[in-house]
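Asker: Here's a structure for you.
Derivation of every value follows stated rules applied to the coordinates shown; laboratory data play no part. Everything numeric in this text was worked out from a predicted model, so none of it was measured. Note: ideal-geometry Cβ built from the backbone for every residue, glycine included; neighbour counts use all protein chains shown.
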Amino acid sequence: MRSEVPPGLLYSKDHVWIKVEGDLARLGITDYAQKQLREVLYVELPEKGRSVERGGVIASLESIKAVVDVVSPLACEVVEANSLLQEKPELINLEPYGKGWIALVKPLDAEQLGELVDSESYKALIEQSR
């Protein structure tokens, strides 16, 4: 099963993508991660203004298989959560890099972005885990 890995994004080993937008960053789970979960039924979103440590839980996803935590690859402050996911959690499956984004955050340590990988390195990472 091939997974979409768009160029121009940063990726974590925990299957979270980051799109840098000026001094903010939009994040969500990768296509690979949503395929592992299968059908997402519910999303617990972070509260606006909440600070999350790197490696801390930024959101939880409930699927037909399990409840999983989305781990933030950055220390950040939540600027906005994608409230559309409350009504349509399936957007994570349908458009993981589009309307299925989870949160817009303000990174608290920009150097942590340098520890994430590009699309080619992420493709290699998911190939190894197959």
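Asker: Tell me the residue from Val16, Val67 that is surrounded by 13 or more Cβ atoms within 10 Å (Cβ to Cβ) and β-branched (Val, Ile, Thr), please.
Answerer: Checking each option against the conditions leaves just Val16.
Asker: Shifting gears a bit: Are any residues in segment 48-64 surrounded by 14 or more Cβ atoms within 10 Å (Cβ to Cβ) and either in contact with a Pro (Cβ under 8 Å, 6 or more places away or on another chain) or more than 19 Å from Glu111 (Cα to Cα) (or both), and if so, which ones?
Answerer: Arg50, Val52, Arg54, Val57, Ile58, Ala59, Ser60, Leu61, Glu62, Ser63
Asker: Return the residues of segment 76-130 that are in a helix (DSSP H, G or I) and among the small types (Gly, Ala, Ser); say none if nothing qualifies.
Answerer: Taking segment 76-130 and keeping what is in a helix (DSSP H, G or I), we get 84-87, 91-94, 110-115, 119-128.
The answer is Ala110, Gly114, Ser119, Ser121, Ala124.
Asker: Looking at segment 98-106, can you tell me whether even one residue there is touching a residue at least 40 places away in the same chain (Cβ under 8 Å), of a type outside the set (Lys, Arg) and exposed (fewer than 15 other Cβ atoms within 10 Å of the Cβ)? Please lay out each step first, then the result.
Answerer: From segment 98-106, those touching a residue at least 40 places away in the same chain (Cβ under 8 Å) are 100-106; that's our starting set.
Cutting the leftovers down to of a type outside the set (Lys, Arg) gives us 100-105.
Adding the requirement that they be exposed (fewer than 15 other Cβ atoms within 10 Å of the Cβ) leaves none.
For segment 98-106, residues touching a residue at least 40 places away in the same chain (Cβ under 8 Å), of a type outside the set (Lys, Arg) and exposed (fewer than 15 other Cβ atoms within 10 Å of the Cβ): absent.
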